[in-house]
Amino acid sequence: MVEEKSNILFRPLKWDDPHETNYSNSVISTEQGDVPLDASHWFGQCWSACKESALMWQAFKKDKEPYVKIKIDAFSLIKGLAEQNNSLRIAVLEYIRYFKPTTNDYKEKIYDVMMAHQWPSNFIKQGITLAELYPMYNLLTKRDIFKHEEEVRLLLFDKSSSENQESVSYSFDPTTINEVVVDPWTSLDDSEFNKIKSKIKRKLSSGTTEISKSEIFSDSSKFVTRYIK
């Protein structure tokens, strides 16, 4: 995002959790029979409204290399998409609806999403069908065992995308990043953190971004219980 000054959204089929692609089990009922949903024009990216979570840090730790989380406001995130003025693209930034793994509860959450997104008729006039828009409702629902993620999902419908296209990118201004937090396992040695901080500053080319290190695992001595006999 920072070095290339672009944001990349991937096809849902490329995501790790197969249950996040529950649209693949869904169908459109027609007089000729059930038709599988076609999500070939949909791309997405997952964010979180959670300020900080130990589970999130642990879930995304891949190796011993330092890694970071970034904070950005929604407008800055989608600004590059809005500036393209592509009538064949629709961007959706929305909170996930979580459901219990029962049929009725899942349908209820799908209905919630549908009520929140009543698409204007001009999208249909541009040649976009309701069948092509349906996968969005599935992609904005998720099982409640992931509730701790407080997920916000950026979805993009791109009618101009090719059948084998795995991702879509658009211009992104890295100076709009509000905050960068380095992972809590980075050495407490100030010299190591300062090297990382300097590297990030050079990449961002901005003095306004707050850069810090996560302290959730730093000092356990402050959590002391004193029992009195």
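The values are calculated or read from the model by the stated rules, or taken from the named source; none is laboratory data. What you see is a predicted model, and the numbers here were worked out from it, not measured in a lab. Glycine also receives a Cβ, built like all others from the backbone with ideal geometry; neighbour counts cover every protein chain displayed. For the accessible areas, the whole protein counts, side chains as well, though only heavy atoms, and no ligand, DNA or RNA atoms are used. Shrake-Rupley method; radii C 1.70, N 1.55, O 1.52, S 1.80 Å.
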>> With angles folded into 0 to 90 degrees, how steeply does helix 190-204 sit against the dominant principal axis of the chain? Use alpha carbons for both and round to 10.
In response: 40
> Rounded to two decimals, what is Rg over Rh for the stretch 75-185 when you use alpha-carbon atoms and the Kirkwood radius?
Replying inline: 1.01
>> Can you return the aspartates and glutamates within cross-link range of residue 71? Criterion is Cα-Cα under 12 Å, with same-chain partners fewer than 8 residues away left out.
In response: 52, 179, 210
>> Just to be sure I understand the curve: with the Debye formula and one point per C-alpha of the stretch 1-69, what is log10 I(q)/I(0) at q = 0.17, 0.18 Å⁻¹?
In response: -0.87, -0.94
> Per the Kirkwood definition applied to all pairs of different Cα atoms, how many angstroms is the hydrodynamic radius of the stretch 1-155?
Replying inline: 17.3
> Under the Karplus relation 6.51 cos²θ - 1.76 cosθ + 1.60, θ = phi - 60°, what is the ordered set of whole-Hz ³J(HN,Hα) values for the stretch 79-90, x standing for Gly and Pro?
Replying inline: 4, x, 5, 5, 6, 6, 6, 8, 5, 9, 10, 10
> Spin-label point model (7 Å from Cα, Cβ direction): what's the residue 82 to residue 130 distance in nm?
Replying inline: 3.0
> Which of 174, 101, 12 moves most in a GNM of the chain, Cα contacts under 10 Å?
Replying inline: 101
>> Taking the full set of protein chains and a 1.4 angstrom probe, give the accessible area of residue 1 in square angstrom, rounded to the nearest 10.
In response: 70
> Averaged per residue, what accessible area in Å² does the chain show with a 1.4 Å probe, protein chains only?
Replying inline: 63
> FRET efficiency for residue 178 and residue 67, Cβ-Cβ distance as r, R0 = 25 Å, nearest 0.05?
Replying inline: 0.90
> Spin-label point model (7 Å from Cα, Cβ direction): what's the residue 6 to residue 227 distance in nm?
Replying inline: 6.1
>> Can you give the FRET efficiency to the nearest 0.05 for residue 195 and residue 38, using r as the Cβ-Cβ distance and R₀ = 41 Å?
In response: 0.30
